[in-house]
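First the structure, in the form of structure tokens, and then the observations on it.
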Amino acid sequence: MVVAFAARLVVVAASAVVTSGYLIPDEQQYVAMGQAVVRGVPLDQWYPGYGQSLYDATRTFSASLVLMFDLFGATRLTGQLLAAVVGTAAAGVTVAVASRFLHPPYALAAGLVVAITPSQVLFSAVVLREAHVWLALAVVAWGFVQFASTDWRRLAGGFAIVAAGLLALAFLRQQTMLAAVWALVLAVVFTPRQRWMPRVAAGLAIAAIVPLVGGKGVGGWHLLASAVPQLESVRATLAVGANSAFEPAQAGADAVAAAAATPPAAAAEPAAPA
């Protein structure tokens, strides 16, 4: 954890030297949102039609960011240090999980992977929710280690830890929560056979209830029903301005047909200025 925190502090300091702005564009919206809350500005006034929904959808991250802004000042540096602490905690929990299966040197090595992998360091040294997502997933894994026990007390404690981690994910990134929920159910099926039925029943209960509490229906059905039909249009929207070959099938067919119908001379003429 010392190594993890030191690595993140180096990136925090370097980012202040390299740029006076933001390393990643999405940082700006989270800092501005937190500053708006601290000033008492209604979020739908700060960003009409989107501000409050952004806060609600990322409440695990947003609420902790606002708390830190209240305590230490509403600056980007405060948000970066919050992310660094959370990323460091993810490395520590990783060691706790790995130590259940590996000898101490190898468990520490697993923690060092999280501590110094460049993407882990970068994204937990900027004002983004990624570090919170990773910590929540690590907490779910740690809870499952307890949940897989045959001891009733550890099983109950693991159930509570898993549910808390998944609920945190529900207000961080809902698609990640849904993947983790059903991965949990699959993992429970392969746990030791002693007290297998209560464990499976508890896993199914978590899978049904946590997405419901997160506003995505029993087992995440509402999320699937609303997201799957929109995947093509979402992909096309996110590709606007990118050097990408992906676009809706009909749009691609229309473009091909238009190109085929355009006379070569006309196609070679330069476009009129906007």
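The values are calculated or read from the model by the stated rules, or taken from the named source; none is laboratory data. This one's a predicted model, so the numbers in the text were calculated from it and none came from an experiment. Backbone-built Cβ (ideal geometry, glycine too); neighbour counts: all protein chains shown. Remember, those area values only see protein heavy atoms, side chains included, never the ligands or the DNA or RNA. Shrake-Rupley method; radii C 1.70, N 1.55, O 1.52, S 1.80 Å.
Taking every protein chain into account, the accessible area of the chain amounts to 55 square angstrom per residue (probe 1.4 Å).
For segment 79-238, with only Lys/Arg (+1) and Asp/Glu (-1) charged at the beta-carbon, what is the dipole magnitude about the Cα centre, in debye rounded to 20?
Working: 10 positive and 3 negative charges, 73 e Å.
Taking the Cα centre of segment 79-238 as origin, the dipole is about 340 debye.
The separation of segment 1-64 from segment 164-213, counted between C-alpha centres, amounts to 29 Å. Against the chain, whose longest principal axis comes from its Cα atoms, helix 76-98 is set at around 50 degrees.
Can you give me the % of accessible surface on the chain that is carbon or sulfur? Probe 1.4 Å, all protein chains present, nothing else counted. Carbon and sulfur atoms account for 70 percent of the accessible area of the chain.
For the pair V113 and R59 in one chain, pulling the backbone fully straight at 0.36 nm per residue adds 16.6 nm over the alpha carbon distance.
Farthest toward the positive end of the dipole of the chain, out of L77, V2, V66, is the Cα of V2, where the dipole comes from beta carbon charges about the Cα centre.
About the centre of its Cα atoms, the chain shows a dipole size close to 1200 debye [charges on the beta carbon of Lys, Arg (+1) and Asp, Glu (-1) only; nearest 20 debye].
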